[in-house]
Structure formats: structure tokens, C-alpha cells
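Structure first, commentary second.
The values are calculated or read from the model by the stated rules, or taken from the named source; none is laboratory data. These figures come from a predicted structure and were not determined experimentally. Ideal geometry is used to build each Cβ from the backbone, glycine not excepted, and the neighbour counts take in all protein chains shown.
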Amino acid sequence: MNPTTVLLISRDPQIRHAFEQVVPSHTTILTVTDVASGIRELSRANLALILCEGSPETSQPLLHHTNLHPGSPSVILIGSRNSTQDAVEAMRAGAADYLTTPITMTELDTAVRRALSAPNPTLTAKQPTGRFDLIISVSPQMQLIKQLAREVALTDATVLITGESGTGKELFAQAIHYASPRALGPLVALNCAGIPEHLLESELFGYHQGAFTDAKHTKLGRFQLAEGGTLFLDEIGEMSASAQAKLLRVLEDHRVDPLGDTHSHKVNIRVIAATNEDLPAHIKTGRFRLDLYYRLNVYQLRIPSLRERIDDIEPILQHFLAQARRDYGCRITGISPEALAVLQRHHWPGNVRELHNVVEWLTITCKANQIEPQHLPASVKTGKAPDQPSGELKPSLLAFGLSFQDMEKKMLEEALRKSGGNVSEASRLLKITRNTLRYRMAKYHMS
């Protein structure tokens, strides 16, 4: 389609007339009357701009959809309320501009020209290369898995990614999407374990205005938001029996039935699911449907645990250290062979996520330029809770069983209490730089 195609979402003929006057003469204008139709056009057309009439609340699904992919077109909202709060909310939600009716031709012309002159990656995008380079690995096991994932990315097959928690299943889902023909469409993710059961179905399938007491606006479900792209369902083993039945129907006939809507809606999406549970075992106990398992398990990728690929521990550690040096001035530049051997002997029940926590621990406690065995937390050396870090803090703060985040926050609080809120003194007590202390205070929303 012409790269200067623009989309107008409005029922007002006067707005359409004004829009026709200000866009360039060679521009093609697509017009729809509602946000849901606009989202469908967004997945089909290579758009340069969207002009949408509606408040930030009613336009939220469109803004959410465009925010999911960095190459999506700019959105200009036209609202009826001359409210600073509405304008701020629109910008925060991702709108490029917010105009209020009645609008002048000069205002509209300025907004449109500014939006069309901004660079848009979609207009110059080439075949996407994917994000497999973000998956740090040197082991033969992971190289094979990445090659298999690249191959399945070029198809439209449903993929089931299995593996322990913290192995990088979501990274693989993202890489598959961005290496696929659907890369310019949205990638919508949903953690099935993170949403209460009674809300999961409305999140997946949406609902129609008036479907229940608080349904004041039609809400698009994740299936419709993923139109033209990929829906990633994490922790699929936690899905309720009712949601499993509805998901099975969508996978079979590619139609969704929003709550309270009398019509089915066809969807064009790819589904990638992930789980750290044993689905065949759940099938035997009746917790998971066999027919749904077969629908999801068209192509399975099992991500090996970190203890199965110890060659990857050092490059992943170096990657996290490089991030720490870049983000908040970490002094650590390497690890000794003896300390690396300790890491390679560890069982890593939390996998890469646990290794990342260990690196964060070291950025606080290790004062040397190189990690030595004595710097490692006890949870790695002995399988118990982390050792007390160096610094002038009470041992009682590091009671057995605290998580890394709880421990870190308590250390910061104690140091700030001892220093009377003086950042320089607190950083001296912790033996870290002031910038590092400020970064970690911001991390825990501490004033």
C-alpha cells in the first residue's frame, strides 16, 4: 500500500473534510468510525499517521496497540474536553498530539505536518532480523535451540516453549515474533498466573459495553489487540478449565466471542505459549485439557536449565556486569577462575534470573575489581541464605530467609537511618558511589 496512507477514526464529517484539506495531495485516506475497526486497519495497512476522535479513555486500546511496536504510526487524538489533564493522559498513553474541538485548520495542519515529518521506522523497515542476539549463549545446546527457533519463526505454527522458571522462555517468544513475517504486527503478552481467574477471560476475550454493571466501554481482549501479530501466553498451565475451553475454540476456528457481544470476531494471530509445569502430568490429573495440549504443542521448544549449560554462565555473567557498569558505575570488571568454578558447581534452581540476582548482590557487596570466591553469597557457595555483605550494618538485618530485594532495601534503609538521610555518608557506609546509591533508592521509591 502507498506509504503515505493515513487513517481517520471519526464519525464527524467536518473533521474528515478538515483532514482532507491539510494532508498532502498524494496521501490516501482510510476512514473508519470506531477504534476496533481502526485497529484492524492498522494490522493491514502500512500507515504513516492515525487521527482518532475520542478521549484518552476510549482511545486506550488503539494507543496500547500502537505502543506495542516501535514502528507503529503516530496517533493524534481529537477530544471534546479542553482539559490539561486529558492532554497529559493522552501524551502519557502514547499520543503524539492532543487537539480539542472545535479545532482550527491551522492547529490541525501544524499537528499533521509535525507528525508526518517525524521519522517512522515502519516506512523504511526491511525484513526483520529478530532478537536472537539478545539471548546470550555459547553452549551447543542453546545454539541448537536458537537454530530451531529461527526455523519455526518463519512459519505460522503455534509454539509451546517449556523449561524451568528463569530460563528465558519469554526472550525466545520475543525473538520468534521479531524474526517472523508478523514482526511488524504487535506482540501482546499475558501472564495467565498473574491475573485472577474471574478476570482472565475478560482480559483474553474482552467484553461489550453494557455486558455487566461496570462495563461502561467496550474492551478489546488480548486476542483482538494482537490482530496481525503474536499473542504470547505465559504460564499457560495456570489457566482455568473455562478459559482453556474458550482458548481451544479460538485456536480451532480463529474467532473470539467477547462477553456480552452477540457476534463472533475473526482474529488473525499467532499463539506462542510457555510453561514451567509438566503439562502431560496435569493432563493425567484432569488439570489440563488433552485436546488443548495438542493444539498448543504443534512445535515444542524445551529451553535447557542453566545447570545443563554451564558454558553459558560466564558470558551471561559478563553481560550482566556490563549492564551494571553502564547503568550505575559498577567497578567489577571480571571473575577469577576459582569463583567461576564455584558458580559452575551451583545447582541454579532459579536459572538465569537467579544469576542476575547474584550479580546485583555483588554490585553492592564486592569492593574489588574482580570477583573472588569469598565475594560470592552463601546461597551459591553452600545453598543457604546469602552471607552478610561488607559494610557497617547490623547482622540482624540479614535474617535467614529474606529475599535479595528485601535485604537490599533494608541495607539502604539502615544506612540512611545511620547517616540521618545524608546520601554521601550513607554511600560511605555501604562503600558504594553516590550515583549507585541514588539509583538503588529510586529502584525502591525511597526519598
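Which one is modelled with the lowest pLDDT, of the residues in the range 212-252 that are in a loop (DSSP other than H, G, I, E, B) and touching a Phe, Trp or Tyr at 6+ places or on another chain (Cβ under 9 Å)?
Across the range 212-252, the extreme among qualifying residues is Ala215.
Name the single residue that is surrounded by the fewest Cβ atoms within 10 Å (Cβ to Cβ) among those in the range 8-53 being among the small types (Gly, Ala, Ser) and under 14 Å from Asp109 (Cα atoms).
As a first pass, look at the range 8-53 and keep what is among the small types (Gly, Ala, Ser): 10, 18, 25, 36-38, 43, 45, 48.
Checking the rest, the ones that are also under 14 Å from Asp109 (Cα atoms) come to 18, 25.
Values: Ala18: 21, Ser25: 6.
Only one residue tops the list, namely Ser25.
Determine whether Cys366 is in contact (Cβ under 8 Å) with a residue 40 or more places away in the chain, in contact with a helix residue (DSSP H, G or I) (Cβ under 6 Å, 6 or more places away or on another chain), of a type in the set (A, V, I, L, M, F, W, C) and farther than 27 Å from Pro304 by Cα.
No: the conditions fail for Cys366.
Among all residue pairs at least 6 apart or on different chains, which show Cβ distances below 8 Å where the first residue, located in the range 325-341, is under 19 Å from Asp312 (Cβ atoms) and the second is surrounded by 14 or more Cβ atoms within 10 Å (Cβ to Cβ) and of a type in the set (Asp, Glu)?
Partner pairs satisfying both residue conditions: Ile335/Glu314; Leu340/Glu314.
With in the same structural domain as His346 (by TED's automatic domain parsing), at pLDDT below 85 and either under 29 Å from Leu340 (Cβ atoms) or of a type outside the set (Lys, Arg) (or both) as the only criterion, which of Ser396, Ser379, Ser424 stands out?
From the options Ser396, Ser379, Ser424, the qualifying one is Ser379.
For His208, all conditions in the list (1) touching a Pro at 6+ places or on another chain (Cβ under 7 Å); (2) in contact (Cβ under 8 Å) with a residue 60 or more places away in the chain; (3) more than 30 Å from Ile310 (Cα to Cα) hold save one; what is the number of the exception?
The number of the failed condition is (2).
Name the residues in the range 1-59 that are small (Gly, Ala, Ser), over 20 Å from Ala87 (Cβ atoms), free of Cβ contacts under 8 Å to residues at least 60 places away in the same chain and outside any helix (DSSP H, G or I), would you?
Result: Ser25, Ala45.
Only residues that are closer than 23 Å to Pro140 by Cβ and either modelled with pLDDT of 95 or more or not in a helix (DSSP H, G or I) (or both): list them for the range 318-336, please.
Passing the criteria: only Ile335.
Which pairs have Cβ atoms under 9 Å, sit 6 or more apart or on different chains, and link a residue in the range 154-183 that is among the acidic types (Asp, Glu) to one that is in a strand (DSSP E or B)?
Asp156/Arg270; Glu170/Ile161; Glu170/Ala189; Glu170/Phe232; Glu170/Asp234; Glu170/Ala274
Mind checking whether some residue in the range 271-282 is surrounded by fewer than 20 Cβ atoms within 10 Å (Cβ to Cβ), in contact with a helix residue (DSSP H, G or I) (Cβ under 9 Å, 6 or more places away or on another chain) and among the β-branched types (Val, Ile, Thr)?
No, because not a single residue in the range 271-282 is surrounded by fewer than 20 Cβ atoms within 10 Å (Cβ to Cβ), in contact with a helix residue (DSSP H, G or I) (Cβ under 9 Å, 6 or more places away or on another chain) and among the β-branched types (Val, Ile, Thr).
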